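Asker: The structure follows.
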Amino acid sequence: MDLKTQQERAETFRRMHHGKILTLPNAWDAASAAVLEAAGFPAIATTSAGVANSLGYPDGQQIGRHEMAEAVRRIVESVSVPVSADMEAGYGETEESAVETVHAAISVGAIGINLEDGTRDRERPLIDVDVQVLRIRAAREAAVSLGVPIVINARTDVYLAGVGEAGQRLSHAVARGNAYLQAGADCVFVPAAMDAVTIGALAREISGPINILALKGVPSVPELEQLGVARVTVGSGFHRATMGFLRHAAAELQAEGTYTSFTDQAISYADLNRLLARQRG
């Protein structure tokens, strides 16, 4: 992808966060990305869990930065819409690791990144807020130096990791979100914020666009838009649903020797080949 095209896609993607809510599905490989583009979505994000799982890794930065970036490259090359890359926590907790992650994402054509503050360490579940602010600032500076105005989606795992007392999580998430925006983030991602009251308060008190993760029990996209949410993503949901369908179809085949599950719902061989051939032509 040439620099001008990447710059234009980044600016287009940024504008999508202001106005009508952005429903952003998450792909894990070239085929899933092509199907999502064909469904009419104006942009696509990747799912770090889905990518890692598809390559044989559990989630949680078990995959390396280079291998993740190469998977993002294949997704970018399979579609003509903007692609935002889930780069986990940047594969390190230093400013240097954030810079290297931005370079990796931009080098493969991504126009946005997720950068999270979760550690998956029960004793220290979140990166210190001052450290994360420096990392986001470094990520923004790196993007500016490369000439690509990537959209930084700063994720805070206050709710996902259940940090602190339940009654204090809203103020904690808001404080982190606003600090991240001031450091150069464009959007704040608060996964596991579930109910309308909490989500509405996050949207009002965080001084910029917020991203909510679609989970069972979360309000619908139209309801989220009414609450002031700018962006909704599905994370690894589509990937896990696909794996769930595969498990169901495999059980039918193994137990009954019948094929109804997959023959009734499968995309046709010709359609899938056609979707992938468009970008190769």
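The values are calculated or read from the model by the stated rules, or taken from the named source; none is laboratory data. Just so it is clear, the model here is predicted, and its values are computed rather than measured. Glycine also receives a Cβ, built like all others from the backbone with ideal geometry; neighbour counts cover every protein chain displayed.
Listed here are the residues, each with its yes/no results for (1) touching a strand residue (DSSP E or B) at 6+ places or on another chain (Cβ under 6 Å); (2) modelled with pLDDT under 95; (3) assigned to a strand (DSSP E or B).
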| residue | (1), (2), (3) |
| --- | --- |
| Val76 | yes, no, no |
| Ser84 | yes, no, yes |
| Glu96 | no, no, no |
| Gly109 | no, no, no |
| Arg137 | no, no, no |
| Arg169 | no, no, no |
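Asker: Filter region 97-117 down to residues that are in contact (Cβ under 8 Å) with a residue 40 or more places away in the chain and out of contact with any Ser or Thr (no Cβ under 8 Å at 6 or more places or on another chain), then give me how many there are.
Answerer: 7
Asker: Kindly establish whether Val51 is assigned to a helix (DSSP H, G or I) and closer than 14 Å to Ala110 by Cβ.
Answerer: Judged against the criteria, Val51 is a match.
Asker: Can we say Ala161 is farther than 22 Å from Arg9 by Cα, modelled with pLDDT of 95 or more, assigned to a helix (DSSP H, G or I) and not polar (S, T, N, Q)?
Answerer: No: the conditions fail for Ala161.
Asker: Go over the candidates Leu276, Leu224, Leu246 one by one and state the one that is at pLDDT below 95 and either in contact with a strand residue (DSSP E or B) (Cβ under 8 Å, 6 or more places away or on another chain) or assigned to a helix (DSSP H, G or I) (or both).
Answerer: Leu276
Asker: Right, next: Is it true that some residue in region 137-153 is closer than 25 Å to Ala230 by Cα, crowded, with 16+ Cβ neighbours inside 10 Å, among the polar types (S, T, N, Q) and in contact with a Cys (Cβ under 6 Å, 6 or more places away or on another chain)?
Answerer: Yes; the residues of region 137-153 include at least one that is closer than 25 Å to Ala230 by Cα, crowded, with 16+ Cβ neighbours inside 10 Å, among the polar types (S, T, N, Q) and in contact with a Cys (Cβ under 6 Å, 6 or more places away or on another chain).
Asker: Are there any pairs, at least 6 apart or on different chains, whose C-beta atoms fall under 8 Å, with the first in region 126-150 and within 27 Å of Leu3 (Cα to Cα) and the second among the aromatic types (Phe, Trp, Tyr) and outside any strand (DSSP E or B), and if so, which?
Answerer: From residues that are within 27 Å of Leu3 (Cα to Cα), the pairs are Ile136/Tyr180.
Asker: Exactly one condition in (1) surrounded by fewer than 22 Cβ atoms within 10 Å (Cβ to Cβ); (2) more than 15 Å from the chain's Cα centre (by Cα) is false for Ala214; which is it?
Answerer: Answer for Ala214: the failing condition is (2).
Asker: For region 80-105, enumerate the residues that are surrounded by fewer than 22 Cβ atoms within 10 Å (Cβ to Cβ) and over 16 Å from the mean Cα position of the chain (by Cα).
Answerer: Those that are surrounded by fewer than 22 Cβ atoms within 10 Å (Cβ to Cβ) and over 16 Å from the mean Cα position of the chain (by Cα): Ser80, Gly92, Glu93, Thr94, Glu95, Glu96, Ser97, Val99, Glu100, His103.
Asker: Next question. Checking Phe41 against (1) assigned to a loop (DSSP other than H, G, I, E, B); (2) under 22 Å from Ala143 (Cβ atoms); (3) within 16 Å of the chain's Cα centre (by Cα), which single condition isn't satisfied?
Answerer: Of (1) assigned to a loop (DSSP other than H, G, I, E, B); (2) under 22 Å from Ala143 (Cβ atoms); (3) within 16 Å of the chain's Cα centre (by Cα), only one is false for Phe41: (2).
Asker: Being buried (at least 16 other Cβ atoms within 10 Å of the Cβ), under 24 Å from Ala179 (Cβ atoms) and under 15 Å from the mean Cα position of the chain (by Cα): is that true of Thr46 here?
Answerer: It is false that Thr46 is buried (at least 16 other Cβ atoms within 10 Å of the Cβ), under 24 Å from Ala179 (Cβ atoms) and under 15 Å from the mean Cα position of the chain (by Cα).
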